[in-house]
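Asker: Structure provided below as structure tokens; questions to follow.
The values are calculated or read from the model by the stated rules, or taken from the named source; none is laboratory data. All values derive from a computational prediction rather than experimental measurement. A quick note on method: Cβ atoms are made from the backbone with ideal geometry, for glycine too, and the neighbour counts reach across all protein chains shown. Heads up: the accessible areas ignore ligands, DNA and RNA and are worked out on the full protein's heavy atoms, side chains in. Shrake-Rupley method; radii C 1.70, N 1.55, O 1.52, S 1.80 Å.
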Amino acid sequence: MSPPVTHPPRDRRPHPPGSRDPYLLAAAFFLAYATVSVSRFQHLATMSWDLGIFEQAIRAYAHLQAPVVDLKGPGTNVLGDHFSPVTALLAPLYRLFPSPITLLVAQAALFALSVVPVTRAAANLLGRRTGLALGIAYGLSWGIQRAVDFDFHEICFAVPLIAFALEAVLAQRWRRALLWALPLVFVKEDLGLTAAAIAVVVALRARGTSPRAARYALVAAALGAAATLLTLTVVIPAFNNVGDYDYWNKVDSGFALFSGIDTKLRTLAWLLIPTSGLLALRSPLFAVALPTLGWRFVSADDHYWGTDWHYSAVLMPVVALALVDALTAARRSPSPRLRSYASHLPTAVAAAALALTTALPIAALTESPAYEKPVRVTAIERMLKRTIPDDATVEANIGPTSRLTSRCRVFWLGNTRGIAPDYIALDNTDGGIRDVEEYARQLHPEDQYAVVADTQGWVVLQHRT
């Protein structure tokens, strides 16, 4: 009888302490971000038409069609507005779950994913406790919370790409850094310059130890800049109805940089003080923020200057990882004051993020209404479902758009370009429109519309033939 076959024991090396921290932290923030976004949607707190715009584009991708966004004008190809083909990646998920909530949850997942490289890089370079502190500070950062609070936007793809790219820079994994950075050109037209900035940082850091990597990085920088130029001058105009880039008129060739200087200085203060105690300025990685700050501050549109909306989300991983880089260098500084400052700063940054959160969107999670769907909303949704059939054409303002874009062809109020839609849906909660039928006649003088349903300040009018 042959002896039993024995196998060598499997290698069951324990995970290093804290190795799961980045993923656990990311999971916690995913739940927080998703709850905030879905709660806002359930409370009819949609701020703009962006959620409807992106849903129309992704719905078209999900059905293998061109990304036509009728909210921007009947038949408008969204690639002629902003170049964001990356949103097509959500099409399979949307095909399975055709709802605006799908976009909001996906965005929450992408923002939460960016917590992983930030926390991991900080822990690897500065230790577990510091990594956790900076991971928490980043996850609670005001720029991320503002973006979570602003419906859906394509920059949710850019945030993790930037975070993973800069983590690779800090780990001196040059090729990986470039591979994470280059897809930014498919997220939005201006982010090719951000990709180029990351590549320049790689070139500067790699030139002493890996001249070959530095050369590749310079090529990548040129590709990123060229991609932005080509997209603005060729690609977007090719999809645009007038053969141009619509946002050139937002660039002021005069002294826009000095306009609203108080607002811009406040934005810089918010960007640098509570998030990094100004120490991020000591890292070359902060240069990656300059393209975004540049186009925002030279714009004549004051919406870009402040801390609202989603515009600062892409800056948050830059500042966080620039701080990690600066702290790593500060610990080796011959200056006792700088070393002491650096040793206390992670705790201070985490405390600042926690304190500021009391006035930011995640604070709503401490209140019970965040988890309840108002009866008013249920009544409105029931009315829309009962009166407006699937595949109908609808002209709507902000409120109804995101309730209808998953099943109807929706136009922006007053921008149907001669099309008389089957229905007009209005959020008239504030009573701004005194006579809705007269308002419909002003919109479509040659057609007749009559009120067929109204509840809670929302009104539906139907076209009469």
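Asker: What does DSSP give for the chain in terms of the percent of beta bridges that are antiparallel, rounded to the nearest 5?
Answerer: Expressed as a percentage, antiparallel bridges in the chain total about 65.
Asker: P(r) for the stretch 72-189: what percent of alpha-carbon pairs falls in each 5 Å bin, starting at zero?
Answerer: Values per bin, smallest distances first: 2, 11, 17, 19, 20, 14, 9, 5, 2, 1, 0.
Asker: Counting pairwise Cα distances across the stretch 275-378, what percent come out greater than 19 angstrom?
Answerer: 59
Asker: Using the Karplus curve 6.51 cos²θ - 1.76 cosθ + 1.60 with θ = phi - 60°, work out ³J(HN,Hα) for each residue of the stretch 216-224 in order, rounded to whole Hz, and write x for Gly and Pro.
Answerer: Going residue by residue, I get 4, 5, 5, 5, 4, 4, 5, 5, x Hz, with x marking Gly and Pro.
Asker: Could you please put Thr401, Thr347, Thr307 in sequence from largest to smallest accessible area, using a 1.4 Å probe?
Answerer: The ordering from most to least exposed comes out as Thr347, Thr307, Thr401.
Asker: Could you give the length gained by full extension between Thr387 and Ala287, i.e. 0.36 nm per residue of separation minus their alpha carbon distance, to one decimal place?
Answerer: In short, 30.7 nm is gained.
Asker: Using only the Cα atoms of the stretch 374-430, what are the Rg and Dmax in Å?
Answerer: Looking at the stretch 374-430, its Cα Rg and Dmax stand at 11.1, 37 Å.
Asker: I need the per residue convex hull volume for the chain, using only the alpha carbons, in cubic angstrom as a whole number.
Answerer: Cα convex hull per residue, to the nearest whole number: 225 Å³.
Asker: Given that compact globular proteins tend to follow 2.2 N^0.38 Å, what is the ratio of the alpha-carbon Rg of the stretch 343-406 to that value?
Answerer: For the stretch 343-406, the normalised Cα radius of gyration comes out at 1.87.
Asker: Lysine pairs, Cα distance under 21 Å, 8 or more residues apart or cross-chain: how many in the chain?
Answerer: 5
Asker: Next question, about the same structure. Residue by residue, what Karplus-based ³J(HN,Hα) values in Hz, rounded to whole numbers, does the stretch 403-419 have, using 6.51, -1.76 and 1.60 with θ = phi - 60° and x for Gly and Pro?
Answerer: The phi angles translate into 8, 10, 5, 7, 9, 10, 8, 10, 10, 6, 4, x, 9, 9, 6, x, 7 Hz.
Asker: Calculated FRET efficiency, Asp454 and Arg266, Cβ-Cβ r, R0 41 Å, to nearest 0.05?
Answerer: 0.45
Asker: To continue, here is another question. Using the Kirkwood radius built from alpha carbon pairs, what does the Stokes-Einstein equation give as D for the stretch 151-279 at 4 °C and 1.567 mPa s, in µm² per second?
Answerer: 78
Asker: At a probe size of 1.4 Å, how large is the accessible area of Thr46, to the nearest 10 Å²?
Answerer: Surface accessible to solvent at Thr46 totals approximately 20 Å².
Asker: Place a point 7 Å from Cα of Asp302 in the direction of its Cβ. Which residues in the stretch 122-150 have their backbone N less than 15 Å from it?
Answerer: Hits in the stretch 122-150 for Asp302 at 15 Å: none.
Asker: Between Leu64 and Val375, 0.36 nm times their residue separation minus their Cα-Cα distance comes to what?
Answerer: 108.3 nm
Asker: Could you look at the stretch 146-260 and say what percent of its accessible area is carbon and sulfur, using a 1.4 Å probe and all protein chains?
Answerer: 64
Asker: Over the Cα atoms of the stretch 95-161, Rg to Rh with Kirkwood Rh, two decimal places?
Answerer: Taking Rg over the Kirkwood Rh, I get 1.07.
Asker: Using Cα atoms only, what is the angle between the long axis of helix 191-206 and the major principal axis of the chain, expressed in degrees (0 to 90) to the nearest 10?
Answerer: 0
Asker: Sticking with this one: Could you rank Tyr216, Tyr61 by how accessible they are, 1.4 Å probe, largest area first?
Answerer: Accessible-area ranking of Tyr216, Tyr61, largest first: Tyr216, Tyr61.
Asker: In square angstrom, rounded to the nearest 10, how much accessible surface does Val242 have for a 1.4 Å probe?
Answerer: Spelled out: Val242, probe radius 1.4 Å, area about 110 Å².
Asker: If you rank Ser276, Ser406, Ser343 by how much accessible surface each has, with a 1.4 Å probe, what is the order from largest down?
Answerer: These residues rank, largest area first, as Ser343, Ser406, Ser276.
Asker: Search the structure for amide H atoms under 5 Å from the amide H of Asn77, placed 1.01 Å from N in the peptide plane, and list their residues when 5 or more places away or on another chain.
Answerer: Val69
Asker: Taking H as built 1.01 Å from N, whose amide H comes closer than 5 Å to the amide H of Glu395, not counting residues under 5 places away?
Answerer: For Glu395, whose amide H was placed from the backbone, the distant partners under 5 Å are Phe411, Tyr423, Ile424, Ala425.
Asker: Another question about this same structure. Could you give the length gained by full extension between Arg339 and Leu204, i.e. 0.36 nm per residue of separation minus their alpha carbon distance, to one decimal place?
Answerer: Length gained between Arg339 and Leu204: 46.1 nm.
Asker: On average, how much accessible surface per residue is there in the stretch 19-157, in Å², for a 1.4 Å probe, leaving out ligands, DNA and RNA?
Answerer: It amounts to 33 Å² per residue over the stretch 19-157.
Asker: Which ³J(HN,Hα) values in Hz, rounded to whole numbers, follow from the phi angles of the stretch 157-167 under the Karplus curve 6.51 cos²θ - 1.76 cosθ + 1.60, where θ = phi - 60° and Gly and Pro get x?
Answerer: Once θ is set to phi - 60°, the couplings for the stretch 157-167 become 7, 5, 4, x, 4, 5, 4, 5, 5, 6, 4 Hz.
Asker: How much accessible surface does Ser19 have with a 1.4 Å probe, in Å² rounded to 10?
Answerer: My reading of the accessible area for Ser19 is about 40 Å².
Asker: Which three numbers, in whole Å and largest first, are the semi-axes of the equivalent ellipsoid of the stretch 243-336 derived from its Cα gyration tensor as √(5λ)?
Answerer: Three semi-axes, in Å: 30, 13, 11.
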